[in-house]
Amino acid sequence: MVEAALRGVVREALARTAAKGLPGAHHFYITFRTRFPGLALPDYLSQQYPEEMTVVLEHQFWDLEVSEQCFSVTLSFQNKPERLVIPFDAITAFADPAVKFGLQFQGAPSEAEAAPAQPAPAKKQEAVEKAGEVVTLDAFRKK
C-alpha cells in the first residue's frame, strides 16, 4: 500500500509537470527497469541499458503525457527524438535534486524477470514448526 501511494506521488508530480511545466529549478531523475512489460524503449537503448536506465526531465523533454498506469515522454538521444512509454511499476527510483527529495521502490519483479519459486528446505520448515515451542529457562539460571 505504501509503495502504491508513493507511486501516486510520482504520478501526481508528472501530471502537474505535464499540465504546467517544471517550476523554478525543479527537475526529475527517473530510474526504471528496461525489461518491464509494457515499457516502450528503442532497441538500441534496451541493448545499451539491459537492466536499468535513468532519464532526466529538465530542459529538453516534450509531449509528457500521464495516465493511471504509465507516462510517456519524448526525449532526445544522440540528437534524435525518441518516444518512451514507462509504466509506473517499472520505476525503481524518483528524485528531484532541487528540493533534495527522492524515493526508492522495491516492487515485485515483473513476470519476465521473476525467478521460479523454490520450496523451502526441510530443515528450514522444521525450524519454522518448532518456532512456537516453549522452553523453560530453569536450566540456565544460577542456583
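The values are calculated or read from the model by the stated rules, or taken from the named source; none is laboratory data. Note that the structure is predicted; figures quoted are calculated from it, not measured. Don't worry about glycine lacking a Cβ; one is built from the backbone with ideal geometry, like all the others, and counts go over all protein chains shown.
Would you tally the residues in region 94-121 being aliphatic (A, V, I, L, M), farther than 14 Å from PHE36 by Cβ and either crowded, with 16+ Cβ neighbours inside 10 Å or modelled with pLDDT of 50 or more (or both)? So the count comes out to 4. Looking for something under 13 Å from PHE88 (Cβ atoms), among the polar types (S, T, N, Q) and touching a residue at least 60 places away in the same chain (Cβ under 8 Å) - is there at least one such residue anywhere in region 21-39? Yes: one or more hits. Does any residue of region 16-25 turn out to be within 14 Å of the chain's Cα centre (by Cα) and of a type outside the set (Lys, Arg)? There is no residue in region 16-25 that is within 14 Å of the chain's Cα centre (by Cα) and of a type outside the set (Lys, Arg). Screening VAL56 on (1) under 13 Å from the mean Cα position of the chain (by Cα); (2) surrounded by 14 or more Cβ atoms within 10 Å (Cβ to Cβ); (3) of a type in the set (Val, Ile, Thr) shows it passes everything except condition (1).
In this structure, does GLY38 turn out to be out of contact with any Ser or Thr (no Cβ under 8 Å at 6 or more places or on another chain), part of a loop (DSSP other than H, G, I, E, B) and within 28 Å of MET1 (Cβ to Cβ)? So GLY38 passes the test.
Residue selection: PHE36 satisfies the criterion of being of a type in the set (Phe, Trp, Tyr), touching a helix residue (DSSP H, G or I) at 6+ places or on another chain (Cβ under 7 Å) and over 24 Å from PRO97 (Cα atoms). Taking the criterion of being of a type in the set (Ser, Thr, Tyr), in a helix (DSSP H, G or I) and modelled with pLDDT under 95, would at least one residue in region 71-79 satisfy it? For region 71-79, residues of a type in the set (Ser, Thr, Tyr), in a helix (DSSP H, G or I) and modelled with pLDDT under 95: absent.
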